[in-house]
Structure formats: structure tokens, C-alpha cells
Amino acid sequence: MSQFFSIHAENPQARLIKQAVDIICKGGVVVYPTDSCYAIGCKLDSKDALERIRRIRQLDDKHHFTLVCSDLSQIGTYAKVDNRVYRILKATTPGSYTFILEATKEVPRRVWHPKKSTIGLRVPDHPIALAMLEELGEPILSSTLILPGEEEALTDAWEIRDRLEHEVDLVIEGGYCGMEPTTVVDLSGDTAELMRAGKGSLAPLGL
């Protein structure tokens, strides 16, 4: 049976944030709000939690997981960022964008794309997510909460609890955070390639 926390979307309660991060650190799977849909996530080095997320979402090894990061400098620890990429990231983070970049050796190989050695990265513009990241001190390995056979992400935390209460360890209710997923841009090549148009504006990307 999963736990359920209602956390204030603008002024997250520090006590609940710490409890949520404790669950992540113990290998738990957590559903949490971002500025673009609810996400399901776990600790980066938790192999068992990763496999639970793969099973819940029925994902294969070619799915690009996302490292949800606290800031731009943290992205630079887990992905290879040159001057061109840095300028794009600086113009768009925090925000509703996910960028596909070549992973560094700080990222476990099991979450790399098997052929491209890439990983998704983003910095959310949401107080709850950012508070969790600050407390954790490292990225949360995450995926948008879209269940098998469905095209849209779940948006209601109470419904998420009802449907996943035996599958996850914690559901965080942080209000409505929309149904539109992030804009996904592949920056691993010589030019930016739009993979999915979403909530993030294309204007800063020149696409």
C-alpha cells in the first residue's frame, strides 16, 4: 500500500519533502508533480526500482529515461555539454523541456539508450520537484506517468493512488500540473532535432 502526501505546490512542507526523499533513498518508487505532468521516479542507482518502473509502464530498453536535475550545472555532471548545447540549455531551463544528450560515466549504463549511449535530462520549474532534488542532492531517474495502453499522462493524484497503490511506494499530490508533456529535443548530434512538440515553446530553440 503506497503512502500519500499532499504537499503545498508553492511552499512545500520541508518535513514531507524529507520523508519523500527518504523513501527514494531506500529504493522506493515515487509519483511526483512537475511543471509538465506527473512523473514516476526513483534513485539513479536503484536497479530494482528502475525495473519496477519499467514493469509499471511496460517499457523496453530503448525508452529514454530522464534525469530530472536541480540545475544546469548538475546536467553537466551527467551529460556531455559543449558550448552550443550550453547556450540552448541556459535559454530554456528551468522549464518544460527534455533534452537528449550523450551520457557521461556518472550515469549507470543500464539506463543509457543501448545504441546511442544517450539519456534524457531536464530541469523542472516546479517547487515540489526542485525541493526534492535539493534534499536528494542528485537527479531523480524519471519517466512521465503514462500507463500502458493510454496516450495521455494521469493528472489526478487521487486517481493515481487508486490505480497504483500496490505498485508504488509514494504518491505526492501537488495540485494540477497539466496534461501536456515536455517538448523533447535531441541535442546529441550536430544539430537540434525536435522529437516531440510539447509544453515548452519552440521559439528559444530556433525550431
Quick one: what are the phi-derived ³J(HN,Hα) couplings along region 199-207, Karplus 6.51/-1.76/1.60 with θ = phi - 60°, whole Hz, x for glycine and proline? 5, x, 4, 7, 4, x, 8, x, 10
Using the structure shown, list the pairs from LYS43/LYS116; LYS18/LYS199; LYS26/LYS116 with a Cα-Cα distance above 24 Å, or answer none. LYS18/LYS199; LYS26/LYS116
Considering every pair of different Cα atoms, what Kirkwood radius, in Å, is found for region 105-206? 16.2 Å
For region 39-61, list residues with backbone N below 19 Å from a point placed 7 Å from the Cα of LYS115 toward its Cβ? 59-61
Leaving out ligands, DNA and RNA but keeping every protein chain, what accessible area does HIS63 have, in Å² rounded to the nearest 10, with a 1.4 Å probe? 50 Å²
Set the Förster distance to 22 Å, then compute FRET efficiency between ARG57 and ALA91 from the Cβ-Cβ distance, nearest 0.05. 0.10
Could you pull out every one of the aspartates and glutamates with an alpha carbon less than 15 Å from that of LYS90, ignoring same-chain neighbours closer than 8 positions? ASP71, ASP82, ASP125
Alpha-carbon Debye profile of the chain, log10 I(q)/I(0) at 0.12 Å⁻¹: -0.55
For region 174-181, in order, what is each residue's ³J(HN,Hα) by Karplus, 6.51 cos²θ - 1.76 cosθ + 1.60 with θ = phi - 60°, in whole Hz (x at glycine and Pro)? x, x, 6, 10, x, 10, 8, x
Find how many whole Å separate the alpha carbon centroid of region 91-108 from the alpha carbon centroid of region 49-77. 10 Å
Per the helix-only calculation at 222 nm, which mean residue ellipticity applies to the chain, given -39500 (n - 2.57) for every DSSP H run of n ≥ 4 and division by its residues, nearest 500 deg cm²/dmol? -8000 deg cm²/dmol
Note: probe point = Cα of LEU207 + 7 Å toward Cβ; backbone nitrogen < 17 Å; residues of region 105-131 passing the test are 118-124
5 Å is the cut-off here: which amide hydrogens, built 1.01 Å from N in the peptide plane, fall below it relative to LYS199, excluding neighbours closer than 5 in sequence? THR182, THR183
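The values are calculated or read from the model by the stated rules, or taken from the named source; none is laboratory data. It should be emphasised that the depicted structure is a prediction, and the values quoted were computed from it without experimental measurement. Note: ideal-geometry Cβ built from the backbone for every residue, glycine included; neighbour counts use all protein chains shown. When the accessible area is computed, the model is the full protein with side chains, heavy atoms only, and any ligands, DNA or RNA have been set aside. Shrake-Rupley method; radii C 1.70, N 1.55, O 1.52, S 1.80 Å.
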